[in-house]
Each structure stands twice: as structure tokens, then as C-alpha cells.
Amino acid sequence: MCYTLPMSNEMKSVDQTTLENLLYLSRLSPESTDMATLKRQVDEIVGYFKILSKYDDSENPYDAYPTTEAEKLREDEIVPGLEMHDVKKINESNFLDGYFQVPKVLGEGA
């Protein structure tokens, strides 16, 4: 059973070029489709947009939620980093030839 909503007399109609473009995009061929039925159905769909346009959607849906601290980012400022000789003192036992030794990650079970 098919239900249709009543539409006004000012129903917009889809032109032939638009209909052909829709056929191409939907991968339908004019030979396999009843063009009159398809045009009527597309015209009905376009008419439903007029009904939907009556509803105001200009309200921002994000206004319903409070702002969070995540929106406040830190200031970009340059701070001094660690000096290499300070890093060596902290981890001197694992420092070798200018590199830090770390546990082997790859191997059995990796």
C-alpha cells in the first residue's frame, strides 16, 4: 500500500536533463525504467522538500550543550628544554656513545 501526502498546486517539476542525470547516477537505463512513473515519483520527492522546508532548522544544535574547558587551549610559549649533560646525569648507566640504551622490543613473541 502506498501513501502520499497532499501537495500544493505549485508542485515543482523535474526537467528532462535532470531526470537523465538521475538515471545516470543511479545506474538505471531509460529502457529498463518506466520514465513516466519515474518522473512522477521524482516530482513527488521534490514536492516533499517543500513540506520539509516549512520547519525552521536555523537553531544551532550545539547551543544546547554547555561549553567545556577543552575549548580553552594553552598559550604558545617557548620554554627551555633539558640540556644533554643534565639528561646524561639522570640516566648515566644507560647512555652509550651518545644514545640511550632501551630494552629490546622485537624478538620472541613480537
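The values are calculated or read from the model by the stated rules, or taken from the named source; none is laboratory data. Quantities reported herein were computed from a predicted structural model and do not represent experimental measurements. Backbone-built Cβ (ideal geometry, glycine too); neighbour counts: all protein chains shown. Just so you know, the surface numbers come from the protein's heavy atoms only, side chains and all, with ligands and any DNA or RNA stripped out. Shrake-Rupley method; radii C 1.70, N 1.55, O 1.52, S 1.80 Å.
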Residue satisfying condition, being modelled with pLDDT of 80 or more, open to solvent by less than 90 Å² (accessible area, probe 1.4 Å) and over 30 Å from L19 (Cβ atoms), within set G47, G98, G81
G81
Kindly indicate the residue of segment 30-43 that is modelled with pLDDT under 80 and either part of a helix (DSSP H, G or I) or small (G, A, S) (or both) and also most open to solvent (accessible area, probe 1.4 Å) among those meeting that condition.
S32
Take the residues of segment 1-20 that are modelled with pLDDT of 85 or more and surrounded by fewer than 12 Cβ atoms within 10 Å (Cβ to Cβ): which is nearest to I51 (Cα to Cα)?
D15
